[in-house]
């Protein structure tokens, strides 16, 4: 019994230490007096402090990470969270909503709303939280709104990373939250063909982001980007996509095209946990043209 009690105490202490470590992993970056972004625990999160409440952009991966967001906001301001804007439906941007307060205005593009509803209805591990589906759906762009005194432009050009991407632009502060259209921790775009994503749509959307009057772009993953960073990513991706399409027209096989572009086949899911194994840009373009 003593041994069992020791094991239980040790396990509990280990869990507490892990939780504390997770808290330390979330980093708060200030952009303006009323605008921050939070790094760690999933996709990047935006925090905008309005006149009477707080607007959150994306909610990270787990309920635990979502609670971290709520806790960090409480350190920044006593104002309550009132709105959540979702850049897209991926679990690492929406599932942390499970720890948010109820009664929020949750805003998403119509494709994102549909994908979340479908995910919640299927259930299972990683499903979107059924109690936190979008309550306000945008279906046109730009959708110019003002939430709690904060002017926002909610932008959707065409399906790109997913069918329901939404880019959030703060015209007064000149800050852009790109979602996973820009994933600065990867050299090439991440595209979900199973969610209606498109390589041509990615180029169109990224060019739209590039044209915004800003030099501060918060990506879905990775560090803050400048306009020059966005321009380089757009140009490099458009040139690579053109090259892949030229290889297609020459009749090159997928393996030959991968060799020419330096892309590897999609890796197996890591650790046997069913995690995402994103196809390369070469694979995406070939799939879009019905080639294997």
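Per-structure values
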| quantity | calculated |
| --- | --- |
| Subset tally (residues that are touching a helix residue (DSSP H, G or I) at 6+ places or on another chain (Cβ under 8 Å), part of a helix (DSSP H, G or I) and free of Cβ contacts under 8 Å to residues at least 40 places away in the same chain) for the stretch 204-252 | 8 |
| Scan of the stretch 105-132 for residues that are crowded, with 18+ Cβ neighbours inside 10 Å and outside any helix (DSSP H, G or I), ordered by number | 106, 107, 108, 109, 128, 129 |
| Members of the stretch 12-50 found to be at pLDDT 50 or above, surrounded by 15 or more Cβ atoms within 10 Å (Cβ to Cβ) and not in a loop (DSSP other than H, G, I, E, B), listed by number | 28, 31, 35, 36, 37, 38, 39, 45, 46, 47, 48, 49 |
| Any chance residue 193 is farther than 18 Å from residue 83 by Cα and touching a residue at least 12 places away in the same chain (Cβ under 8 Å) | yes |
| Pairs where the first residue, in the stretch 52-67, is over 12 Å from residue 106 (Cα atoms) and the second is part of a helix (DSSP H, G or I) and at pLDDT below 95, C-beta under 8 Å, 6+ apart | 64/19; 64/22; 65/22 |
| Residue in the stretch 264-276 that is surrounded by 15 or more Cβ atoms within 10 Å (Cβ to Cβ), in contact with a helix residue (DSSP H, G or I) (Cβ under 9 Å, 6 or more places away or on another chain) and in contact (Cβ under 8 Å) with a residue 12 or more places away in the chain present | no |
| Of residues in the stretch 179-197 being surrounded by 23 or more Cβ atoms within 10 Å (Cβ to Cβ) and in contact with a helix residue (DSSP H, G or I) (Cβ under 6 Å, 6 or more places away or on another chain), the one farthest from residue 224 (Cα to Cα) | 191 |
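The values are calculated or read from the model by the stated rules, or taken from the named source; none is laboratory data. Bear in mind the structure is a predicted one, so any value in this text is a computation, not a measurement. Here the Cβ is made from the backbone with ideal geometry for all residues, glycine too, and neighbour counts use every protein chain on show.
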